[in-house]
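What follows is a set of notes on a single structure, which appears directly below.
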Amino acid sequence: MSYQVNGTAIEADEDGYIVNLDEWSKDLAEEIAKAEGLPMTDDHWKVIDFLRNYYDEFQIAPAVRVLVKNAKKKLGPDIGNNKTLEAMFPDGAAKQGCKIAGLPKPTGCV
Amino acid sequence: MSTLHTVNKSPFGDSAFNSCLEHCKPGDGILLIEDAVYGAVAGSAVAAKVEARAGDVGIYVLDGDAKARGLAAGKLIKQVKPVGYDGFVDLVAEHDRTQSWL
Amino acid sequence: MPEAKKFLYVNRKAPYGTIYALESLEVVLIGAAFEQDVSLAFLDDGVFQLTRDQNTDEIGVKNFSPTFRALGDYEVTKLFVEKESLEERGLAPSDLQEIMYEDEDDDWEEKPSIHIVSRSEMADIMADQDVVLSF
Amino acid sequence: MKFGIVVSEGPYTHQAADTAYHFAKAALDKGHEVPRVFFYHDGVNVATNLSIPPQDERHIQKNWTELAKANDIDMVVCIAAAQRRGILDENEAKRQGKDASNLAEGFRISGLGQLIEMGIECDRTVTFGD
């Protein structure tokens, strides 16, 4: 599959994760979210920015519990709790969040 | 509480056996398997170190691996005890944990 | 819940030349979800995994050294590095990157995760485990 | 006693998969249990059903498949390591749009959590690798 962003096709795998991580852009994130049926609110953007920063710093996407813990610290308890994050990303904050943030697909190791 | 250490590389090309000898404790066992069986040969450059340790550490060699490499029991350091796979299993069961020096 | 087991991950290999270091780290990250008592041992060439200034741009392999700094988030806070192994390789503790964690039980104070231990202390640590996984 | 076994090197290049096999067999013969064998690193290559060794050599994958079948061993292949090295079961091949799968009978692909779980549940964990 692929996403259309400003006239360019961005290749993605069967699950909707982009193939070339360098092709990520904010416009692309909006497209992926649309395909996922998610509205990108300011809070969604905060989480996406957090995920991308985390990846930049540590070269991994955080596990869900690590995401929740850090989001609580960095974004405040209103966003940084299980319930809110689950409501924001019904398909899983790590899984769906990484997809929109243009990060590697979690290998689902547990 | 004791550990069974397994080593699978020749001491002449790799530091694993040496490192194992320096980290094992009295009452532990060391089982030489695969290419590590060359470490059990009498008169080699490492034999003195093995003999020195054999006082308080049980040193074993996997018989099948030694035979495969042409090492009859007579060629081995005399404190080193040959065991079969069943003996390997017993050693794992007798010690509290197994650590592989990969 | 039964009492947590003591897991030790033994790292004796350098990064990049083989995949063991990276795949060891992957086990540690996944294993952290099981809330066991986890320690990491770095000895022999394994100490090279923690050095500063790793830059893999020209070899086209992912640089995973920054990931060690995320371990605190995963509540993996005991990284034992053997002093003799460092010295034999011409390294000092200052050649290793800083890895910190926030101690929940101590008002989130930042503390170092890396502990430099002697060879005999390392032997004691190894002898005090339930499960030893080697990489 | 329950023995958990880790195989972390590929077949034929290293002896690890053979030693692990003989060890598992001996443990079972002695009345111990081997509930699970976990294949990691290049050890995942043991699980390919595309291996064709010469007739006068042992067939490492078949040996494991038969041993597991006879003794109800749960043989788990790490998904992350398997995907890197091209070991796929039918479902994953379909999902990833690949035209073939190669996971041999008796093996299943799952996560690293299975390795930790094995360490927790078994009395002894023994690693064979290089």
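The values are calculated or read from the model by the stated rules, or taken from the named source; none is laboratory data. These numbers were taken from a predicted model, which means no experiment stands behind them. Don't worry about glycine lacking a Cβ; one is built from the backbone with ideal geometry, like all the others, and counts go over all protein chains shown. Keep in mind that these areas ignore ligands, DNA and RNA; they rest on the heavy atoms of the full protein, side chains included. Shrake-Rupley method; radii C 1.70, N 1.55, O 1.52, S 1.80 Å.
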Residue among C:Val27, C:Val81 that alone is closer than 24 Å to D:Thr125 by Cβ and part of a helix (DSSP H, G or I): C:Val27
From the options B:Val89, B:Val61, B:Val50, B:Val83, residue that is modelled with pLDDT of 95 or more and over 11 Å from the mean Cα position of the chain (by Cα): B:Val89
Residue tally, condition hydrophobic (A, V, I, L, M, F, W, C), within 14 Å of chain A (Cβ to nearest Cβ) and open to solvent by less than 10 Å² (accessible area, probe 1.4 Å), over the range D:106-130: 4
Residues of the range D:28-60 satisfying the condition of being free of Cβ contacts under 8 Å to residues at least 40 places away in the same chain and either touching an Asp or Glu at 6+ places or on another chain (Cβ under 8 Å) or polar (S, T, N, Q) (or both): D:Asp29, D:Lys30, D:Val37, D:Gln55
Residue within the range B:26-40 that is under 28 Å from D:Asp123 (Cα atoms), facing chain C (nearest Cβ under 10 Å), of a type in the set (Gly, Ala, Ser) and in contact with a Leu (Cβ under 8 Å, 6 or more places away or on another chain) present: no
Among (1) of a type in the set (A, V, I, L, M); (2) open to solvent by less than 10 Å² (accessible area, probe 1.4 Å); (3) over 22 Å from A:Asn53 (Cα atoms), the one test that C:Ile116 misses: (2)
Residue in the range D:37-60 that is closer than 28 Å to B:Leu31 by Cβ, in contact with a strand residue (DSSP E or B) (Cβ under 8 Å, 6 or more places away or on another chain) and within 13 Å of chain B (Cβ to nearest Cβ) present: yes
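Of all the strands (runs of 3 or more DSSP E) wholly in the range B:15-102, which have at least 1 residues that are of a type in the set (Val, Ile, Thr) and closer than 27 Å to C:Ile125 by Cα?
Counting at least 1 such residues, we get B:29-32, B:58-62, B:97-101.
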Complete set of residues in the range D:36-51 that are surrounded by 17 or more Cβ atoms within 10 Å (Cβ to Cβ) and more than 17 Å from C:Leu133 (Cβ to Cβ): D:Asn45, D:Val46, D:Ala47, D:Thr48
Any hit, the range C:9-16, residues being more than 11 Å from chain D (Cβ to nearest Cβ), touching a Leu at 6+ places or on another chain (Cβ under 7 Å) and either farther than 23 Å from C:Val61 by Cβ or outside any loop (DSSP other than H, G, I, E, B) (or both): yes
Selection from the range A:2-37 of residues that are within 14 Å of chain D (Cβ to nearest Cβ), in contact with a strand residue (DSSP E or B) (Cβ under 9 Å, 6 or more places away or on another chain) and free of Cβ contacts under 8 Å to residues at least 24 places away in the same chain: A:Ser2, A:Glu11, A:Ala12, A:Val19
Filter result for C:Asp73 (open to solvent by 10 Å² or more (accessible area, probe 1.4 Å) and part of a helix (DSSP H, G or I)): yes
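Between B:Lys49, B:Lys78, B:Lys67, which is crowded, with 16+ Cβ neighbours inside 10 Å and basic (Lys, Arg)?
B:Lys49
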Condition broken by C:Glu23, with the remaining ones in (1) of a type in the set (D, E, K, R); (2) touching a residue at least 12 places away in the same chain (Cβ under 8 Å); (3) closer than 30 Å to A:Lys72 by Cα; (4) open to solvent by 30 Å² or more (accessible area, probe 1.4 Å) satisfied: (4)
Some residue of the range C:57-65 being assigned to a loop (DSSP other than H, G, I, E, B), more than 9 Å from chain A (Cβ to nearest Cβ) and of a type in the set (Val, Ile, Thr): yes
Of the criteria (1) within 14 Å of chain D (Cβ to nearest Cβ); (2) among the hydrophobic types (A, V, I, L, M, F, W, C); (3) assigned to a helix (DSSP H, G or I), which one C:Ile125 fails: (1)
Residue tally, condition among the hydrophobic types (A, V, I, L, M, F, W, C) and open to solvent by 40 Å² or more (accessible area, probe 1.4 Å), over the range D:90-105: 1
Members of the range D:69-89 that are under 15 Å from D:Pro35 (Cβ atoms) and either surrounded by fewer than 20 Cβ atoms within 10 Å (Cβ to Cβ) or touching a residue at least 40 places away in the same chain (Cβ under 8 Å) (or both): D:Lys69, D:Ala70, D:Asn71, D:Asp72, D:Ile73, D:Asp74, D:Val76
Test: B:Val83 is open to solvent by less than 40 Å² (accessible area, probe 1.4 Å), within 14 Å of chain D (Cβ to nearest Cβ) and over 30 Å from C:Lys83 (Cα atoms): yes
Top-ranked residue of the range D:53-68 - restricted to ones that are under 16 Å from D:Glu9 (Cβ atoms) and among the polar types (S, T, N, Q), ranked as most open to solvent (accessible area, probe 1.4 Å): D:Asn63
